[in-house]
């Protein structure tokens with residue numbers, strides 16, 4: 001949305017280098033979600049709607065407290081509720097606030113063909129610029145977290161902006177401000193990582209969660225939204241959080257080797273035809289040259 | 001000769017009016033698909049989308065024009081598939097392809113209504129067109145593909161540009177042959193007729209048949 005005050009690190013579908021790429025003058029921001037202290041109150045869901053100007057959508061009941069099965073184009077923040085039978089702790093109600101993870105290597109940005117439609121700021125926020133979006137939906141295929149959603153009315157794709165408009169003014173994201181339990185934190189990536197690790201250690205040593213840990217997946221070089229999980233070895237239990245998210249390999253294959261093979265083939269083929277024409281010229285078909293041997297019948 | 005085309009003396013009808021119409025329906029829709037597709041293929045070519053009315057319009061129409069193209073390809077299949085099966089003389093024609101490339105046409109066997117290259121073009125566009133349609137539908141409506149079937153999206157992402165590249169190769173050669181190499185080929189697809197010399201040289205077996213019986217041309221290769 002707003003790009004005020006942000007240095008750009010990468011631009012989707014852009015010919016040539018990004019002006020000023022690699023300059024780093026800001027902190028990388030990070031949202032920390034501690035699933036172990038979330039009470040599922042959905043204040044973050046409401047705050048997200050209010051700040052971003054969407055009205056409450058129709059809920060879809062699916063035998064749980066969850067508002068709807070997955071995030072939608074006008075519902076960017078959704079707590080996923082999952083019942084989990086744990087051998088040590090009995091029945092647990094796992095609650096994970098789902099939203100854009102703001103990947104360090106965003107699959108949406110890699111797949112997007114439209115110049116400037118997806119921007120990654122130096123502070124780590126990945127933001128869609130709807131005025132440049134062409135509605136092709138490639139970002140939907142590129143995302144390993146099922147986050148970008150197509151609006152049939154706007155014919156464009158929308159997702160969580162990490163409240164870039166608030167963050168650029170020095171405010172925390174709306175969801176963070178609304179959280180009553182303090183399970184949501186916002187700060188720089190190193191600060192949040194340290195806080196998360198401290199909490200995970202506490203869970204391991206004092207609460208009997210031997211596998212407690214921090215979710216900051218390495219396959220996409222980390223995310224700017226990180227989780228503390230009771231059981232970091234099974235993130236799928238938390239509403240299908242992928243254990244090893246990556247940019248789909250076909251997107252990588254398409255954007256790197258295939259692009260160069262294709263470009264070489266097209267340019268090489270055209271050059272070949274020019275050379276062929278210069279060397280051999282058009283086929284001659286003079287009516288009076290039909291006596292040539294072998295031609296015709 | 002068919003009543004829909006007036007053929008001047010010394011010429012022979014090669015493509016009927018419906019054949020020409022369907023060909024150009026496929027041709028113009030393909031050119032639009034190729035140009036808008038290339039805009040999405042590389043950021044260096046995204047200016048094509050602006051030239052064709054903007055990124056959003058290009059993306060929106062690419063899908064619909066794709067449907068038109070597939071309809072045209074299916075109509076071509078209905079018109080021509082019986083004549084597109086490979087025959088023994090096509091194999092001889094492929095064996096003589098170095099001569100054909102070097103314009104040594106006296107060493108190239110004369111063939112039926114379509115030569116081996118034209119048949120390759122036909123089947124190439126048919127199969128690529130069908131799989132471009134399938135992958136294109138997934139890319140058109142990715143949100144209709146459930147999350148647990150998302151590998152279909154990943155397949156479509158790589159299949160669609162790969163097959164498009166193959167068709168671009170076929171298209172470039174087709175246009176080069178039709179516009180630059182074979183004098184008379186363009187007229188045959190616009191006005192419908194070729195000179196008898198053209199027919200004898202490139203499609204002698206076909207010419208022998210239609211010279212005797214004009215209605216025979218659409219029955220066999």
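The values are calculated or read from the model by the stated rules, or taken from the named source; none is laboratory data. As the structure is a prediction and not an experimental result, all values here were calculated from the model. Every residue, glycine as well, gets a Cβ built from its backbone with ideal geometry; the counts of neighbours run over all protein chains shown.
In the set (1) surrounded by 17 or more Cβ atoms within 10 Å (Cβ to Cβ); (2) closer than 30 Å to residue A:202 by Cα, residue A:73 fails one condition alone, (2). Taken together, A:103, A:48, A:112 contain a single residue that is farther than 17 Å from residue A:31 by Cβ and in contact with a helix residue (DSSP H, G or I) (Cβ under 9 Å, 6 or more places away or on another chain), which is A:112. In the set (1) more than 12 Å from chain B (Cβ to nearest Cβ); (2) out of contact with any helix residue (DSSP H, G or I) (no Cβ under 7 Å at 6 or more places or on another chain), residue A:127 fails one condition alone, (2). When residues in region A:168-199 are screened for being part of a helix (DSSP H, G or I), under 25 Å from the mean Cα position of the chain (by Cα) and over 22 Å from residue A:41 (Cβ atoms), 6 of them pass. Filtered by the rule that a residue be out of contact with any strand residue (DSSP E or B) (no Cβ under 7 Å at 6 or more places or on another chain), touching a residue at least 12 places away in the same chain (Cβ under 8 Å) and within 14 Å of residue A:283 (Cβ to Cβ), region B:186-201 gives B:198, B:200, B:201. Would it be correct to say that residue B:72 is farther than 24 Å from residue A:285 by Cβ, under 14 Å from the mean Cα position of the chain (by Cα) and modelled with pLDDT of 95 or more? In short, yes. Out of the residues in region A:272-297 that are in a loop (DSSP other than H, G, I, E, B) and modelled with pLDDT of 90 or more, which is farthest from the other protein chains (Cβ to nearest Cβ)? Per the criteria, the residue is A:281. Within this structure, residue A:134 fails the test of being assigned to a helix (DSSP H, G or I), at negative phi, in contact with a helix residue (DSSP H, G or I) (Cβ under 7 Å, 6 or more places away or on another chain) and without any contact (Cβ under 8 Å) to a residue 60 or more places away in the chain. Scanning for something facing chain A (nearest Cβ under 9 Å), modelled with pLDDT of 95 or more and surrounded by 17 or more Cβ atoms within 10 Å (Cβ to Cβ), does region B:111-124 turn up at least one residue? No; the residues of region B:111-124 include none that is facing chain A (nearest Cβ under 9 Å), modelled with pLDDT of 95 or more and surrounded by 17 or more Cβ atoms within 10 Å (Cβ to Cβ).
Is there a residue being assigned to a helix (DSSP H, G or I), under 16 Å from the mean Cα position of the chain (by Cα) and at negative phi anywhere in region B:101-116? For region B:101-116, residues assigned to a helix (DSSP H, G or I), under 16 Å from the mean Cα position of the chain (by Cα) and at negative phi: present.
Mind checking whether some residue in region A:39-62 is over 30 Å from residue A:151 (Cα atoms) and either modelled with pLDDT of 95 or more or not assigned by TED's automatic domain parsing to the domain that holds residue A:199 (or both)? Scanning region A:39-62 turns up at least one residue that is over 30 Å from residue A:151 (Cα atoms) and either modelled with pLDDT of 95 or more or not assigned by TED's automatic domain parsing to the domain that holds residue A:199 (or both). In region A:99-121, the count of residues that are more than 14 Å from every other protein chain (Cβ to nearest Cβ), modelled with pLDDT under 95 and surrounded by 23 or more Cβ atoms within 10 Å (Cβ to Cβ) is one or more. In region B:31-63, of all residues being at the interface with chain A (Cβ under 10 Å from one of its Cβ atoms) and not in a helix (DSSP H, G or I), the one that is surrounded by the fewest Cβ atoms within 10 Å (Cβ to Cβ) corresponds to B:54. Only a single criterion out of (1) within 30 Å of residue A:148 (Cβ to Cβ); (2) within 9 Å of chain B (Cβ to nearest Cβ); (3) at pLDDT 95 or above is not satisfied by residue A:265, namely (1). The requirement of being in the same structural domain as residue A:113 (by TED's automatic domain parsing), touching a helix residue (DSSP H, G or I) at 6+ places or on another chain (Cβ under 6 Å) and assigned to a loop (DSSP other than H, G, I, E, B) is fulfilled nowhere in region A:214-232; no residue meets it.
Taking region A:30-51 as the range and being farther than 25 Å from residue A:230 by Cβ and in contact with a strand residue (DSSP E or B) (Cβ under 9 Å, 6 or more places away or on another chain) as the test, only A:49 passes.
Quick check on region A:241-260. Is at least one of its residues within 14 Å of chain B (Cβ to nearest Cβ) and under 26 Å from residue A:51 (Cβ atoms)? Walk me through it before giving the result.
The first filter runs over region A:241-260 and keeps only residues within 14 Å of chain B (Cβ to nearest Cβ), leaving A:241-242, A:245-260.
With the extra rule that they be under 26 Å from residue A:51 (Cβ atoms), the set shrinks to A:241.
Yes, there is a match, as at least one residue in region A:241-260 is within 14 Å of chain B (Cβ to nearest Cβ) and under 26 Å from residue A:51 (Cβ atoms).
Going by what's in this entry, would residue A:232 be described as exposed (fewer than 13 other Cβ atoms within 10 Å of the Cβ), at pLDDT 95 or above and either more than 30 Å from residue B:41 (Cβ to Cβ) or within 12 Å of chain B (Cβ to nearest Cβ) (or both)? Taking the combined requirement at face value, the residue does not satisfy it. Could you tell me whether any residue of region B:66-88 is within 12 Å of chain A (Cβ to nearest Cβ) and surrounded by 15 or more Cβ atoms within 10 Å (Cβ to Cβ)? Within region B:66-88, none of the residues are within 12 Å of chain A (Cβ to nearest Cβ) and surrounded by 15 or more Cβ atoms within 10 Å (Cβ to Cβ).
Are any of the residues in region B:181-204 within 17 Å of the chain's Cα centre (by Cα), closer than 30 Å to residue B:132 by Cβ and within 7 Å of another protein chain (Cβ to nearest Cβ)? Scanning region B:181-204, I find at least one residue that is within 17 Å of the chain's Cα centre (by Cα), closer than 30 Å to residue B:132 by Cβ and within 7 Å of another protein chain (Cβ to nearest Cβ), so the answer is yes.
One line per residue, one yes/no per condition, for (1) more than 12 Å from chain A (Cβ to nearest Cβ); (2) farther than 24 Å from residue B:99 by Cβ:
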{"site": "B:126", "(1), (2)": "yes, yes"}
{"site": "B:145", "(1), (2)": "no, yes"}
{"site": "B:150", "(1), (2)": "no, yes"}
{"site": "B:157", "(1), (2)": "no, yes"}
{"site": "B:160", "(1), (2)": "no, yes"}
{"site": "B:169", "(1), (2)": "no, no"}
{"site": "B:177", "(1), (2)": "no, no"}
{"site": "B:207", "(1), (2)": "no, no"}
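Residues in region A:137-163 that are in a strand (DSSP E or B), at the interface with chain B (Cβ under 9 Å from one of its Cβ atoms) and in contact with a strand residue (DSSP E or B) (Cβ under 7 Å, 6 or more places away or on another chain): 2 in all.
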